[in-house]
1. Which ones in segment 73-112 are among the acidic types (Asp, Glu) and modelled with pLDDT of 80 or more?
2. Going by the conditions given, is residue 63 surrounded by 15 or more Cβ atoms within 10 Å (Cβ to Cβ), in a loop (DSSP other than H, G, I, E, B) and at pLDDT 95 or above?
3. Could you check, for segment 126-135, whether at least one of its residues is surrounded by fewer than 17 Cβ atoms within 10 Å (Cβ to Cβ), at pLDDT 90 or above and of a type in the set (Ser, Thr, Tyr)?
4. Out of all the residues in segment 27-59, which are among the aromatic types (Phe, Trp, Tyr) and in a strand (DSSP E or B)?
Amino acid sequence: MITVTKRLEFDAAHRLLNHEGKCRHYHGHHYTAEVTVGAMNGLDSTGRVIDFSVIKSVLGTWIDENWDHNSLLNCFDPLFTHICSITPDREPFLFFDNVNPTAENIAKKLYDMAVELLPDNLWIIKVRIWETPTCYADYDQT
């Protein structure tokens with residue numbers, strides 16, 4: 001199978017409830033997301049899986065509207081309520097079901113959004129989230 005990967009970047013703050021180290025503190029990262037897709041029905045008439053600009057337009061817009069320069073917080077984090085009270089015009093992005101915004105959970109959420117938002121003729125193979133230049137998490141359906 002032929003695949004393509006699109007890199008998308010965003011900046012966001014987060015903290016991890018019950019973390020034993022520094023990540024229990026509110027802090028930020030410059031994240032890099034890599035979305036890898038394949039064509040279920042072969043290449044298009046131009047010879048592509050998908051035009052890279054489609055991935056950028058669809059998922060990049062979703063990231064810009066929901067994650068970029070925002071706070072990624074567990075819905076049970078007391079900081080969530082506080083941030084909502086001081087920035088009522090923009091709610092922090094919320095991970096439901098008491099899930100921490102780890103690189104692993106961010107990768108899964110972006111994978112789910114790729115399945116929902118990208119064209120149905122694509123197979124979403126993997127989403128990789130780089131939290132730092134040396135640390136990443138992958139999510140796929142295998």
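1. Let us first name the residues in segment 73-112 that are among the acidic types (Asp, Glu), namely 77, 89, 91, 97, 104, 112.
Answer for segment 73-112, where residues must be among the acidic types (Asp, Glu) and modelled with pLDDT of 80 or more: 77, 104, 112.
2. Here the answer is no, as residue 63 does not meet what is asked.
3. Looking only at segment 126-135, we keep the residues that are surrounded by fewer than 17 Cβ atoms within 10 Å (Cβ to Cβ), and these are 132-135.
Those left that are additionally at pLDDT 90 or above: 132-135.
Now drop any that are not of a type in the set (Ser, Thr, Tyr), which leaves 132, 134.
Within segment 126-135, one or more residues are surrounded by fewer than 17 Cβ atoms within 10 Å (Cβ to Cβ), at pLDDT 90 or above and of a type in the set (Ser, Thr, Tyr).
4. First, the residues of segment 27-59 that are among the aromatic types (Phe, Trp, Tyr): 31, 52.
Once the filter is applied, which keeps residues that are among the aromatic types (Phe, Trp, Tyr) and in a strand (DSSP E or B), segment 27-59 yields only 31.
For every residue, the table says whether it meets (1) crowded, with 19+ Cβ neighbours inside 10 Å; (2) without any contact (Cβ under 8 Å) to a residue 24 or more places away in the chain; (3) not assigned by TED's automatic domain parsing to the domain that holds residue 136.
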position	(1), (2), (3)
1	no, no, yes
4	no, no, yes
35	yes, no, yes
43	no, no, yes
78	no, yes, yes
86	no, yes, yes
93	yes, no, yes
109	yes, yes, no
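The values are calculated or read from the model by the stated rules, or taken from the named source; none is laboratory data. Since this is a predicted model, take the numbers as computed values, not measurements. Please note: Cβ atoms are built from the backbone with ideal geometry, for glycine as well, and neighbour counts cover all protein chains shown.
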